[in-house]
Each structure stands twice: as C-alpha cells, then as structure tokens.
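The values are calculated or read from the model by the stated rules, or taken from the named source; none is laboratory data. Computed from a prediction, not measured in an experiment: that's the story for all the values here. Protein only, heavy atoms only, side chains kept; ligands, DNA and RNA dropped before computing areas. Shrake-Rupley method; radii C 1.70, N 1.55, O 1.52, S 1.80 Å.
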Amino acid sequence: MAQINNISEYIAENFGANASYVEGLLSRFQSDPSAVDESWRQFFGEMLNGGAATESANGQQSAGAQTNGAAKTETVKAETVTNGAAKTETPKTETAAAAAKAQPNAIIGEGVEVKAITGASKKIVENMEQSLTVPTATSVRSVPVKALVENRTIINEHLQTSGRGKASFTHVIAWAIVKAVKNYPQLNNGYGFVDGKPSRLENKSINLGIAIDIEKKDGSRNLLVPNIKNCETMNFADFLSAYNQTVKKARDGKLEISDFQGTTISLTNPGTLGTVSSNPRLMSGQSAIIATGAIEYPAEFQGMTAAALSQLGVSRTVTLTSTYDHRVIQ
C-alpha cells in the first residue's frame, strides 16, 4: 500500500456510501486499537503507516493488507476500486479543488446562520456529488402484491413449524432480485475505466447490497450498505440465513471490510418510512439499485371499507424502481 496523503478521500474512494461508518471505526481505532476487530486493526494500521508492518493490539506483526481484492492507491494517476469496479482517475486533491472553484459562494441572507458540513455528513455530500458522474436511467413499475402476501404467509407457516423465525416482505423481494439477475445476468454488469478504455465489468457473482438503517447510542442514525456475497449459489433458506446474519453484524457493529466490497447490485427499502416511490442514487461501480415503496392500496381506494375493496377485487400494490448505469444497461 503506497503512502496515503488524504485518508478521508482514500476511505471514500474504497467504501463509497459506507465511508462515514469506516471513518467512525478509524476514530475508535485511533483512541483504542482494541476497540475494533482484528481485520480493521490490520487495515487501519497499514493505511496509516503506508503499508509497513504494524503492531496489532494483540502484539502480532501484520503486513500487506489484503482486503478481498481491494485496490492499491497511489498519489498520481492511480488505478482504484470503488465497490469492485476499476477505474483510472486524476489525483483527488486536484478534483476537489476544481469542484470547489466551480461552485460559486452562496448568497447569505439576513438572519441565516452558516455551519460548515463536516465529518460523516460531509462524506455523504461527497458521495452524492460523486454519484452524479454516473449516467443513470430509472424504470418504475407498480406491482400488485396479492401473490407476494400469499407466498410469504406460506413461507412463514413453514418456518414457524421448525422455529426458524419469519421472512419479511423485504426478504422475499431481495430473493426475487437474485432470481431475476440469474435470468438476466446483464443487469449485474458494472462499468469501469480500465487500461485507458471504458469497459463493461461482467460480474460472475451476485453480491447484493442491502441498505440497513442503524440507530447509534446518541440517537443519530446511519445508513450502511453491506452485501451478501455469491447469492447465485444459494437456495432461499441459505439466503435468508445470510441476510439475517448480515443485518445482525450491522446492528452489533461487527461488519468487516469485506462486507462492503464487491457490491454488484443493491436493494433499498424506503417503503418502511411510508415512501411510495423512490429514485435513489447509484454508486459508481454498481450495476443497479432497486428501491421498494410502501405496500398499500392505491391512494384513490384507501378510504374504502375492506368489504368494498374485496367486492371490487382491489389489491394492495408496491411501487418498484430500478435505477441503473445506462452505459452498460440499456
């Protein structure tokens, strides 16, 4: 690992939407190395020391971080990896300086208090601005959920007989995405600039990123997007277990470096907040992000009684959006 001049930019480069989480772990590591897991201790130790062997908290020497294929970083034009996609870029300091010059100063009116955006919030700003470099298109469909509701009921009756908990609507929708990508593998393609050429990255594995809303001890919230790897090799029982394990690791603060790397396609569920339809940002290197809306009766029918809805045969629906990289998915 070459000497890193700007740690925040390096973290943003390699962890995308999860950069604020990683910076939080770095802060904990700098205060007390034993406060983070061994894989993070090795990663941060080598990052801060330019790849030299570093003393971990248990006194063992570590050398040459290997982070599931994460890329090397150099000061001048470097080949980097963002969520598994390789690309060639100019130095970030020049890019940031150019961006700062391009944005005119805001006109501040009377009574307006100015507070600079810093820390994790600043990282979100940078991630969102970087996402604007990805030319996307979005498809929207409203789908009746009668079959989804019935299938989930059958699944849960089976799971409960063996004491294996329940499957949520999100579990089933996530599995449907995996099945769809297996049938249409081009939806799993990423884009990257490799060896000076724009390239299609044909991912063999389906690494599904799942957005998880985490509430911190101070009441603030953080959105993490770890991924479930090699979904194409799983049956539904395996997938359900892997999904729940990933969520538990996120809740317990046990996510590792590899959990964030190599995401090929993502699922986010703003429907839990009542959102009907969403057009989320697509992170560089991923093929697509699927968003699910609230499962509800269409607005024009929501004031009707259950009997009237049944008589008319009106089903609840969910609005799905697919935002994809239009350079490789048409």
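For segment 158-253, a Kirkwood hydrodynamic radius built from all Cα pairs, placed in the Stokes-Einstein relation at 37 °C and 0.692 mPa s, yields a translational diffusion coefficient of 213 µm²/s. Overall, the ratio between the Cα radius of gyration of segment 118-195 and 2.2 N^0.38 Å, rounded to two decimals, is 1.65. The residues of segment 176-330 present an accessible area of 50 Å² per residue when probed at 1.4 Å with all protein chains retained. List the aspartates and glutamates whose alpha-carbon lies under 18 Å from that of Lys166, not counting same-chain residues fewer than 8 positions away? Within the straight-line limit of under 18 Å, Lys166 reaches these aspartates and glutamates: Glu150, Glu157, Asp238. Mind running the shape call on segment 163-217? Use the C-alpha gyration tensor, a ≥ b ≥ c as the square roots of the eigenvalues: rounded below 1.5 for a/c, prolate if a/b tops b/c, oblate otherwise. Here segment 163-217 falls in the oblate category.
Compute the separation of the alpha-carbon centres of segment 289-323 and segment 142-212 and state it in Å as a whole number. Result: 21 Å between the Cα centres. Shape class for segment 1-48: oblate, because the ratio a/c of the largest to smallest gyration tensor axis (alpha-carbon atoms, square roots of eigenvalues) is 1.5 or more and b/c is at least a/b. For the residue pairs Lys217/Lys249; Lys146/Lys229; Lys122/Lys249; Lys217/Lys248, the C-alpha atoms sit more than 19 angstrom apart in Lys146/Lys229; Lys122/Lys249.
Take every Cα pair under 8 Å whose residues are at least 6 apart in sequence, average their separation, divide by the length of segment 182-278, and the relative contact order is 29 percent. Surface composition of segment 124-279: carbon plus sulfur atoms contribute 53% of the solvent-accessible area (1.4 Å probe, protein chains only, all chains present). Listed by chain and number, the aspartates and glutamates whose alpha-carbon sits under 18 Å from that of Lys204, ignoring those within fewer than 8 places in the same chain, are Glu232, Asp259, Asp325.
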